[in-house]
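The values are calculated or read from the model by the stated rules, or taken from the named source; none is laboratory data. In this text, all values refer to a predicted model and were calculated from it rather than measured experimentally. Here Cβ is always computed from backbone atoms with ideal geometry, including for glycine, and neighbour counts include all displayed protein chains. Side chains are part of the model used for accessible areas, which takes the heavy atoms of the whole protein and leaves out ligands, DNA and RNA. Shrake-Rupley method; radii C 1.70, N 1.55, O 1.52, S 1.80 Å.
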Amino acid sequence: MNVLAEKQLKVFEPSICEVERQLREEEFNKLYYQLRNKDENGLLGSMSLEARKKLHWLILFIYTLKNRLGGFSYEIIHDGRMKTNRPIIYAITHVGKFDIEVTSEAIKEHCYLLSGDYEHIQGTIDAPFLLLNGVIYFNEKIKADRSAVTNKMIAHLKAGGNIMYFPEGTWNLSPNLPMLPCYWGIVEIAQKSNSIIIPVAVEQYQKHFKINIGNNFDMKHFGNNNKEKAKAISKLRDVMSTLKYEIWESEPRLKRKTLCGNEWEKYVEERFKEWPYFNQTYINELIFKPKNVVTPTEAFSYLNKLIPCKENAFLFRKK
């Protein structure tokens, strides 16, 4: 049983008052760090990078076995990686619970996972294997933790390790965005650690994954100021969106008459079945929201406040 995830659900219960919510959140955070510190300082959590690299074959075998037993398969439609002696940050699109294991099997290279989901991983069968492989946890809600994890990643990369990084920050369940808006932390970390970013697009079709690996993305082509970092993350997002679009193009075209109209809803429903502690509200809270950018829901929210009459009827037209 995942004690932390259950306790987090109680924090978000809509029926409680704000004072009770804060008390529950304090209790959750206390248990969160108690359990996380125990894991990170335990036998598996304190292993050296070199020891983990030597055991990487075992992790790959476990992932491969787990994927086959779960009925998961994958194909790499393109691999644009070029050899480098610099540390690597694999920037991966996030589509669901199982993309970590499947993508790890596909790329083969050893890399630590950057995860903001300790509260959902703790207590599961996956937790010890992630610790054995190497995982850098952080609490997305705590500012000090977000700052500390940046230094941890830079130190790990400078020591010769690689990182698996999901720049979208959560699952992409948008019906029309190949890539969600991205935090620019990944480009700053790559710059400070002299790392190469390798963009990887992943898409899931039932239990089959399609993976598209892009060319090396080098931050040496960008400056150090905020304007250049914003330019870099925008470019990286464009590259990853293109990789995702190439996956879509590799699929056979469907005729409109063969569609039922609820295919996307079924897809989202299947993703949430994989991980019952996630829901659309929780994911929406994790999505990066750039300044001066509004969603269609926000843009048309005024319609919910209007009282229909002859003068504003044109606003409700569907054609």
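Structure notes:
- Taking the criterion of being of a type in the set (D, E, K, R), closer than 22 Å to Asn162 by Cα and open to solvent by 80 Å² or more (accessible area, probe 1.4 Å), the only residue of the stretch 26-52 that qualifies is Glu50.
- With respect to the conditions (1) within 17 Å of Ala91 (Cα to Cα); (2) buried (at least 19 other Cβ atoms within 10 Å of the Cβ), Lys108 lacks only one, and its number is (2).
- When the helices (runs of 4 or more DSSP H) confined to the stretch 121-206 are screened for residues that are among the small types (Gly, Ala, Ser) and touching a residue at least 12 places away in the same chain (Cβ under 8 Å), those reaching at least 3 such residues are found at 185-193.
- Annotation: of all residues in the stretch 27-53 being part of a loop (DSSP other than H, G, I, E, B) and out of contact with any Pro (no Cβ under 7 Å at 6 or more places or on another chain), the one that is nearest to Tyr137 (Cα to Cα) is Gly45.
- Some residue of the stretch 138-158 being open to solvent by 20 Å² or more (accessible area, probe 1.4 Å) and farther than 25 Å from Asn37 by Cα: no
- Looking across the stretch 89-113, the residues that are within 21 Å of Ser241 (Cβ to Cβ) and in a strand (DSSP E or B) come down to Ile89, Tyr90, Ala91, Ile92.
- Among the residues of the stretch 207-242, those that are assigned to a loop (DSSP other than H, G, I, E, B) and either farther than 21 Å from Asp79 by Cα or modelled with pLDDT under 95 (or both) comprise Lys207, Phe222, Gly223, Asn224, Asn225.
- Test result for Leu65, open to solvent by 50 Å² or more (accessible area, probe 1.4 Å), assigned to a helix (DSSP H, G or I) and closer than 27 Å to Ala5 by Cβ: yes
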